[in-house]
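Colleague: Before anything else, here's the structure in question.
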Amino acid sequence: MKRFLPVAVLALAASFADASVIEKTKNVAGLTVQYKVVLPNNYDASKAYPGVLAFPGGGQSMDIVTSMIERYWRPEAEKRGYIVVMPAAPRGVLYFEGSEKIFPEFLKIILADYKIQDGKFHIAGVSNGGISAFHVAAQHPEYFLTLTGLPGYLIEATPDRIKAISKMCINMHVGELDSGWREDMTAQSKEFQSKGMKVRFTVEPGQGHIMRTLEGANSARLFNQFEEIAKGCGK
């Protein structure tokens, strides 16, 4: 014999959904954008959660989105109560080589679909994703609280673009063995610090371009840094 739940019970069950990763597709600024959303444990659609906009590295494909969601973001986001959004690059065009035109419309779509605390995100990315994070943050600083590159830095670091991110809490991680990136990020972090910007620059001992010291359980370090904003970026 089949049993049917009352409508009110079904609505409550939908509101308090199990933690999950949802795959979505939207048309944004004339581009088809695929992305994944991590929802926290005991997600309640009526509540506001801190949000993270994260960018994948490499060619920023959907396969890389899937991998990096699991390696860097999902476990801590589910546990701590964060919503994480990671978009793939439409047609393989990176988010600092043309696909950045989906912003800020894409952010407005996310804010319409989910309640994000204060309407602002933490923005982060790995490698090409880190460059993307700095690039997008400099274009639309009003949407972001903290900025994290692991690794990542600001390309086209003009005075106006530096000024745009100057109020954010900035975290820059680079591997000790990541020649080229380490030198560039060291120089830029010193420049930012000389301007009084709130920057934490960390060289990850023994690590190359892909830093295992920030993956898996170690990704808690990234979320700890997000939460330091309440203390003035840990200073």
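The values are calculated or read from the model by the stated rules, or taken from the named source; none is laboratory data. Just so it is clear, the model here is predicted, and its values are computed rather than measured. We place every Cβ from the backbone using ideal geometry, glycine too, and count neighbours over all the protein chains shown. Note: accessible area is taken over every heavy atom of the protein model, side chains too, but ligands, DNA and RNA are not part of it. Shrake-Rupley method; radii C 1.70, N 1.55, O 1.52, S 1.80 Å.
Colleague: Under a plain spin-label model, where a point goes 7 Å from the Cα along Cα-to-Cβ, how far apart in nm are Gln117 and Thr66?
Modeller: So the two model labels end up 3.2 nm from each other.
Colleague: Moving on. Probe of 1.4 angstrom, ligands and nucleic acids ignored: what's the accessible area per residue over the chain, in square angstrom?
Modeller: Accessible area per residue: 46 Å².
Colleague: Another one. Which one is right for this structure if Cα extents along the principal axes in Å is calculated from it: [x] 69, 37, 30; [y] 52, 45, 33; [z] 70, 44, 31?
Modeller: The value matching this structure is [x].
Colleague: Let me check I've understood the local charge: for Ile22, count other residues with C-beta under 11 angstrom from its C-beta, Lys and Arg +1, Asp and Glu -1. What total comes out?
Modeller: Summing Lys and Arg as +1 and Asp and Glu as -1 gives 0.
Colleague: Let me ask something else. Which loop-located GluC sites (Glu not before Pro) does segment 74-149 contain, where loop means any DSSP state but H, G, I, E or B and the Cβ has at most 14 other Cβ atoms within 10 Å?
Modeller: Glu97
Colleague: Quote the Stokes-Einstein diffusion coefficient, in whole µm² s⁻¹, for segment 68-149, based on the Kirkwood radius over alpha carbon pairs, a temperature of 4 °C and a viscosity of 1.567 mPa s.
Modeller: D, rounded to a whole number, is 98 µm²/s.
Colleague: Hey, rough spin-label estimate for Val93 and Gln34, points 7 angstrom out along Cα→Cβ, what's it come to in nanometres?
Modeller: Rounded to a tenth, the inter-label distance reads 1.8 nm.
Colleague: Quick check: pseudo-label points 7 Å beyond the Cα along Cα→Cβ at Val203 and Thr158, how many nm apart are they?
Modeller: It works out to 3.3 nm between the two label points.
Colleague: Could you compute the net charge surrounding Gln139? Neighbours are other residues with a C-beta less than 14 Å from the C-beta of Gln139; K and R count +1, D and E count -1.
Modeller: -3
Colleague: Looking at the chain as a GNM with Cα springs under 10 Å, which of Ile109, Ile64, Ile162 has the largest mean-square fluctuation?
Modeller: Highest fluctuation of the listed residues: Ile109.
Colleague: Shifting gears a bit: Summarise the accessible area of segment 79-224 (1.4 Å probe, protein heavy atoms) by the percent that is carbon and sulfur.
Modeller: 49 percent
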